[in-house]
Amino acid sequence: MKKLYQEIVDAKANNKKLLAILIDPDKVALSEVAIITAKINRSPATHIFLGGSTVETTSLDALVELLKQQTALPIILFPGNPSQIAPAADGILFLSLISGRNADYLIEHQVNAVPLLRATNLEIIPTGYILIESGSETAVARVSKTTPLSRSNHEYVLQTAQAGVMLGKKLIYLEAGSGAKIPVPLEMISLVSNSIAIPLIVGGGIKGLNEIQNAYKAGADLVVIGNAFEENLDFFN
């Protein structure tokens, strides 16, 4: 039964804001999972996203199993390529990098993922992924060999998001990128949020609790925190 996406839609309808903590599998030792999940369980997080632009660990499945043993939060894969599919997770953001023009990240990786996904019970959520200029080259831009959209051209970003909706995406994700110096502009979040009916995810470059609240106020339905929590497990204290 598909429920993860419906819960996100229901939260949007009820103006309930969601928070995902992004875990990079390459930066988490299995021995640290208990400490990390204890911190997550005491945080306002509603979801765990798992993945990265590149993942080299061979312990992804074991990591998912440990996370599921120690937290009740849904675990949603946030993959950079098909090698990051772990069947034991709850769902997967089926990402298409619609801000770029590299066919591998628009459709090729997705095609290659189909046989793997068919063998799982993962809830698949089609997601339009839009990379926004953030003051530095991020891992997403480097690995995907794509150029982020200008943070000053709000109208083009909006058109890209609306094109994603017309293509049938169920979520739109505005991403400044891992290690971003500055987050997605609030005016851009507001413009996109007010112009699409589907849920909006915002992440990258968010370093403080006030920035999470500002993104919510601008119209983000789900905010993603990665580096800030990774560098300070007491971030939410």
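Residues that are surrounded by 13 or more Cβ atoms within 10 Å (Cβ to Cβ) and out of contact with any Pro (no Cβ under 9 Å at 6 or more places or on another chain): find the helices (runs of 4 or more DSSP H) completely inside the range 1-77 holding 1 or more of those.
Details: elements: 4-13, 33-41, 60-70.
Fully inside the range 1-77 and qualifying: 33-41, 60-70.
Going through the range 88-124 one residue at a time, which ones are open to solvent by 20 Å² or more (accessible area, probe 1.4 Å), out of contact with any strand residue (DSSP E or B) (no Cβ under 6 Å at 6 or more places or on another chain) and of a type in the set (A, V, I, L, M)?
Selection gives A88, A103, I107, V111, V114, L116, A119.
Any idea which of (1) outside any strand (DSSP E or B); (2) touching a Leu at 6+ places or on another chain (Cβ under 9 Å); (3) of a type outside the set (D, E) is the one L116 doesn't satisfy?
(2)
Would you check if P25 is out of contact with any strand residue (DSSP E or B) (no Cβ under 6 Å at 6 or more places or on another chain) and touching a residue at least 12 places away in the same chain (Cβ under 8 Å)?
Working: out of contact with any strand residue (DSSP E or B) (no Cβ under 6 Å at 6 or more places or on another chain): yes; touching a residue at least 12 places away in the same chain (Cβ under 8 Å): yes.
Spelling it out, P25 is indeed out of contact with any strand residue (DSSP E or B) (no Cβ under 6 Å at 6 or more places or on another chain) and touching a residue at least 12 places away in the same chain (Cβ under 8 Å).
It is to be established whether one or more residues within the range 151-173 are over 15 Å from the mean Cα position of the chain (by Cα) and closer than 23 Å to D24 by Cβ.
Checked against the condition, which is being over 15 Å from the mean Cα position of the chain (by Cα) and closer than 23 Å to D24 by Cβ, the range 151-173 yields no hits at all.
The values are calculated or read from the model by the stated rules, or taken from the named source; none is laboratory data. From a predicted model like this one, the values you see are computed outputs, not experimental measurements. Note that each Cβ is placed from the backbone with ideal geometry, even for glycine, and that neighbours are counted across all protein chains shown. What goes into the accessible areas is simple: the full protein's heavy atoms, side chains included, and nothing from ligands, DNA or RNA. Shrake-Rupley method; radii C 1.70, N 1.55, O 1.52, S 1.80 Å.
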